[in-house]
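Student: Structure incoming, see below.
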Amino acid sequence: MKRLVTLLAALAALQTYAQRIEATLPSPDAKSLGMGGVMMTTLSGSHAIYNNSATAIFSHTPSQVSSSYYGQRSFDYYAVSGFCRFDNINLVQAGWRQFLREHGNNDMAVDLGYARRIGDRWAVGIVGRYMHLKRPDISADALAVDLSAAWQRPLENVGSYSTLRAGAKLGNLGGYLRDTEYTLPMDFTVGAALDTFLTDAHEITVGTDLGYYFSPSAVRGFQMSLGAEYNLMQLVQLRTGYHYGERRDYYPSYWTVGAGLRILHLRLDFAYLFAKKHSLLRNTYSISFGLDF
């Protein structure tokens, strides 16, 4: 009995602390989520500004507008973002997100980003973020910055029309504007992906991300995403993936499936997460819609 009481007390303390560690609003991009959360190398997704902003410069579209709905139990998460390319070198991005929680709690974030191509293979990006947290007993404001880089290279001797991509992001660098019990978790993530055409109509993409939350010390831990996508004639996509989280209380493990549809300039993507029964991510799903101009 004494051990049970001690365990319950520890869990209660952990839950209280977890509520104070306000994680970055997750990316609502259904394409990335359908591939297990692979975000560092995602092209033609809905929200590059929330994944790796540098990858947007490699997109074949001059501009893009996207919106997503992300459902997580009693939470509702809405996002709108877009980018506009000035030329083949410079690109600007903007985004708005709102995360509505139970009991009237809600978070809101506004992001502004810039990406620049360096040569034929490299790109860098920077995103500035303003976050506002609202709770029944407190409200808080924070500023943060994401720094990202992307690289890609065609592979002549591997498969057919293959491309190797890599990306990295140092995320959520910043803090709250006034003293508060909340903390911004900072993380570093790297990833790689390979695209290859089996035939003119069939394309396969496989990718992986490796990430580590390094601050604050209470949530330090490792994450890994593995994902794959099958693309039929650039019209229909099927996806699956797995996400591993070392600290299940803050970033749990889960399997994912997803699908996408491309019709002319329209994009529609869906993702569903299979998490354990008591996980916060159980029955989570995302729907993304976008226009490419």
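The values are calculated or read from the model by the stated rules, or taken from the named source; none is laboratory data. Computed from a predicted structure; not experimentally measured. Quick reminder, even Gly has a Cβ in these numbers, built from the backbone with ideal geometry, and neighbours come from all protein chains shown.
Student: Can you go through 218, 275, 201, 228 and tell me which one is more than 15 Å from residue 46 (Cβ to Cβ), surrounded by fewer than 15 Cβ atoms within 10 Å (Cβ to Cβ) and either hydrophobic (A, V, I, L, M, F, W, C) or modelled with pLDDT of 95 or more (or both)?
Tutor: Being more than 15 Å from residue 46 (Cβ to Cβ), surrounded by fewer than 15 Cβ atoms within 10 Å (Cβ to Cβ) and either hydrophobic (A, V, I, L, M, F, W, C) or modelled with pLDDT of 95 or more (or both) holds for just one of 218, 275, 201, 228, which is 201.
Student: May I pose another question? Taking the condition surrounded by fewer than 20 Cβ atoms within 10 Å (Cβ to Cβ), within 14 Å of the chain's Cα centre (by Cα) and farther than 21 Å from residue 111 by Cβ, does residue 238 pass?
Tutor: No; evaluated as a whole, the condition is false for this residue.
Student: Looking at 82, 125 in this structure, which one is free of Cβ contacts under 8 Å to residues at least 40 places away in the same chain, under 20 Å from the mean Cα position of the chain (by Cα) and crowded, with 20+ Cβ neighbours inside 10 Å?
Tutor: 82
Student: State which residue is surrounded by the fewest Cβ atoms within 10 Å (Cβ to Cβ) when the search covers only the range 128-155 and only residues that are under 20 Å from the mean Cα position of the chain (by Cα) and of a type in the set (Gly, Ala, Ser).
Tutor: Pass one, the range 128-155, residues under 20 Å from the mean Cα position of the chain (by Cα): 128-133, 142-152.
Checking the rest, the ones that are also of a type in the set (Gly, Ala, Ser) come to 128, 142, 144, 148-150.
Numbers: 128: 14, 142: 22, 144: 20, 148: 26, 149: 21, 150: 29.
Out of the qualifying residues, it is 128.
Student: Taking strands (runs of 3 or more DSSP E) that do not extend beyond the range 227-293, which have at least 3 residues that are more than 23 Å from residue 82 (Cβ to Cβ)?
Tutor: Details: elements: 236-245, 254-263, 266-275, 285-292.
It comes to 236-245, 254-263, 266-275.
Student: For the range 181-198, how many residues meet the condition of being out of contact with any helix residue (DSSP H, G or I) (no Cβ under 9 Å at 6 or more places or on another chain) and modelled with pLDDT under 90?
Tutor: Qualifying residue count for the region: 1.
Student: Limited to the range 55-79, what total is found for residues that are surrounded by fewer than 23 Cβ atoms within 10 Å (Cβ to Cβ) and under 22 Å from residue 99 (Cβ atoms)?
Tutor: Counting residues in the range 55-79 that are surrounded by fewer than 23 Cβ atoms within 10 Å (Cβ to Cβ) and under 22 Å from residue 99 (Cβ atoms) gives 11.
Student: While we're on this one: Could you list, ordered by first residue, the pairs with Cβ atoms under 7 Å in which the first is in the range 141-167 and over 17 Å from residue 203 (Cα atoms) and the second is in a loop (DSSP other than H, G, I, E, B) and at pLDDT below 95, at least 6 apart or interchain?
Tutor: As it stands, the answer is 141/177; 142/177; 142/184; 143/177; 144/184, since those pairs meet every condition given.
Student: Pick from the range 19-29 the residues that are assigned to a loop (DSSP other than H, G, I, E, B) and either at positive phi or surrounded by fewer than 24 Cβ atoms within 10 Å (Cβ to Cβ) (or both): which of them is modelled with the highest pLDDT? Give the derivation first.
Tutor: In the first step, residues of the range 19-29 are kept if they are assigned to a loop (DSSP other than H, G, I, E, B); the result is 22-29.
Then drop every residue that is not either at positive phi or surrounded by fewer than 24 Cβ atoms within 10 Å (Cβ to Cβ) (or both), which leaves 22-26.
Numbers: 22: 51, 23: 45, 24: 53, 25: 68, 26: 77.
So the residue we want is 26.
Student: Identify, please: which residue in the range 147-176 is touching a helix residue (DSSP H, G or I) at 6+ places or on another chain (Cβ under 7 Å) and among the small types (Gly, Ala, Ser) and is, among those, farthest from residue 215 (Cα to Cα)?
Tutor: Taking the candidates together, the pick is 150.
Student: Filter the range 178-203 for residues that are polar (S, T, N, Q), assigned to a loop (DSSP other than H, G, I, E, B) and touching a residue at least 40 places away in the same chain (Cβ under 8 Å) and give the result.
Tutor: Listed by number, the list holds a single entry, 180.
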